[in-house]
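This report concerns only the one structure given below.
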Amino acid sequence: MKAWVHGESTDQETLERLGFNLVNFYNSKCIFCDNLMSSVSIPDIWGHSPENYLKLYYKSIDINWMHYQEGVSLKHFELADGDPGSDIYCTAHACKVCGWWVLEKKVLLNSKSTQIWELILATAGVLNNFDLTDLSLPVEEIKKYLTAKYDSRFSLNPKKYEDVVASVFKNLGYSAQVTGYSSDGGIDVILNNSDDNFIGVQVKRYKNKIKVEQIRSFIGALFINNYTNGIFVTTSDFQSGASKLAKSISDKTYSVELLNAKRFYEALKLSQVKSFSDEYPLNYLTNVPNLHPITSLHLNPL
């Protein structure tokens, strides 16, 4: 199951949110996580026929409105004979953080007058409706989903959240092992960095703030398991006493780092960027999605 899907009915709402942004979509921001989109030229994977372009052109333009309201002569709308799809520019726009994607195709069409029209076609990924309690969901897809819809983290199965935390640290250069419920001893994930230092990680999917007693318990788990370095990750935040205890203990024998929801989200986004493939989203799609007509623009004065 994938975090981003496409379809005839589900694409339209997202495309309406795009609006005329596709006229100049380069350097635009993701509408889900507000990060800068990456744009690359791609081959024409659709292979439309001349008849397709004509049909899409007339579907995308409101001739009556432009003629009667804007005073555009009808002669400017009639396309010249021949293949109207001779000038084609295809682009994939993708968010390196959450994975949202837009596929865009621009086609230059010549009218029988001196007018040149730019037909803009597009389709976009739509966020799937995940049941985050489902243990069968792929971790990589959960990470895409969470970066796009981080408020949903409280619904994620706690075991899956441990898997997500381990995967994030793997992408950041650590080796990571999830201990499992049966024998974690208060340590949910074990990290090993390039210096061969082992780090014990405790993961708590909580809505309430983490209390000082929970930090004390975590320090005890580090001691029992012979770890001097620890990271406490939560979906919420820490009470001031918990933060003070972690700081005071870090000045002595142990090093305890606290990652609240905000800090972990930043780590999650960074890990997504590091694992992003330049072939995305073409290598992500299982089939070629249909394009939808967005608009037709005139490129020279009418």
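Determine, yes or no, whether THR286 is closer than 30 Å to TRP46 by Cα and open to solvent by less than 50 Å² (accessible area, probe 1.4 Å).
On the way: closer than 30 Å to TRP46 by Cα: yes; open to solvent by less than 50 Å² (accessible area, probe 1.4 Å): no.
Taking the combined requirement at face value, the residue does not satisfy it.
Which one is least open to solvent (accessible area, probe 1.4 Å) among residues in segment 30-77 that are under 29 Å from TYR280 (Cβ atoms) and acidic (Asp, Glu)? Full working, then the answer.
The first filter runs over segment 30-77 and keeps only residues under 29 Å from TYR280 (Cβ atoms), leaving 30-49, 52-53, 56, 60.
Applying the additional criterion that residues be acidic (Asp, Glu) yields 34, 44.
Details: ASP34: 97, ASP44: 63 Å².
Ranking the qualifying residues of segment 30-77, first place goes to ASP44.
Within segment 204-215, track down each residue that is over 28 Å from the mean Cα position of the chain (by Cα) and surrounded by 13 or more Cβ atoms within 10 Å (Cβ to Cβ).
The initial filter retains those residues of segment 204-215 that are over 28 Å from the mean Cα position of the chain (by Cα), namely 210-215.
Correct list: ILE210, LYS211, VAL212, GLN214, ILE215.
Yes/no matrix, rows are residues, columns are (1) open to solvent by 40 Å² or more (accessible area, probe 1.4 Å); (2) within 20 Å of the chain's Cα centre (by Cα); (3) more than 23 Å from GLY47 (Cα to Cα); (4) modelled with pLDDT under 95:
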| position | (1), (2), (3), (4) |
| --- | --- |
| THR91 | no, yes, no, yes |
| GLU104 | no, yes, no, yes |
| SER111 | no, no, no, yes |
| GLN115 | no, no, yes, yes |
| LEU121 | no, no, no, yes |
| GLY125 | no, yes, no, yes |
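With touching a residue at least 24 places away in the same chain (Cβ under 8 Å), touching a Phe, Trp or Tyr at 6+ places or on another chain (Cβ under 7 Å), part of a strand (DSSP E or B) and not aromatic (Phe, Trp, Tyr) as the only criterion, which of LEU103, LEU119 stands out? Please lay out each step first, then the result.
Working: LEU103 fails: touching a Phe, Trp or Tyr at 6+ places or on another chain (Cβ under 7 Å).
Being touching a residue at least 24 places away in the same chain (Cβ under 8 Å), touching a Phe, Trp or Tyr at 6+ places or on another chain (Cβ under 7 Å), part of a strand (DSSP E or B) and not aromatic (Phe, Trp, Tyr) holds for just one of LEU103, LEU119, which is LEU119.
Please specify each residue of segment 151-162 satisfying the condition of being open to solvent by 30 Å² or more (accessible area, probe 1.4 Å) and either under 18 Å from LYS274 (Cβ atoms) or of a type in the set (Phe, Trp, Tyr) (or both).
PHE154, the sole residue that qualifies.
Mind checking which residues of segment 166-194 are polar (S, T, N, Q), out of contact with any Phe, Trp or Tyr (no Cβ under 9 Å at 6 or more places or on another chain) and open to solvent by 90 Å² or more (accessible area, probe 1.4 Å)?
If we filter segment 166-194 for residues that are polar (S, T, N, Q), which is where we start, we get 167, 171, 175, 177, 179, 182-183, 192-194.
Filter once more, keeping what is out of contact with any Phe, Trp or Tyr (no Cβ under 9 Å at 6 or more places or on another chain): 167, 171, 177, 179, 182-183.
Result: GLN177, SER182.
Results for (1) under 22 Å from ASP163 (Cα atoms); (2) open to solvent by 70 Å² or more (accessible area, probe 1.4 Å); (3) not acidic (Asp, Glu), shown as yes or no for each residue.
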residue: ASP196; (1), (2), (3): yes, yes, no
residue: GLN202; (1), (2), (3): yes, no, yes
residue: GLY230; (1), (2), (3): yes, no, yes
residue: GLY241; (1), (2), (3): no, no, yes
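Restricting to segment 289-302, name every residue that is open to solvent by 80 Å² or more (accessible area, probe 1.4 Å) and under 23 Å from LEU74 (Cβ atoms).
Within segment 289-302, the subset open to solvent by 80 Å² or more (accessible area, probe 1.4 Å) is 290, 298-299, 301-302.
Residues satisfying the conditions are HIS298, LEU299, PRO301, LEU302.
Does segment 248-266 contain at least one residue that is of a type in the set (A, V, I, L, M, F, W, C), surrounded by 15 or more Cβ atoms within 10 Å (Cβ to Cβ), touching a residue at least 40 places away in the same chain (Cβ under 8 Å) and in a helix (DSSP H, G or I)?
yes
The values are calculated or read from the model by the stated rules, or taken from the named source; none is laboratory data. Bear in mind the structure is a predicted one, so any value in this text is a computation, not a measurement. Cβ: placed from backbone, ideal geometry, glycine included. Neighbour counts: every protein chain shown. What goes into the accessible areas is simple: the full protein's heavy atoms, side chains included, and nothing from ligands, DNA or RNA. Shrake-Rupley method; radii C 1.70, N 1.55, O 1.52, S 1.80 Å.
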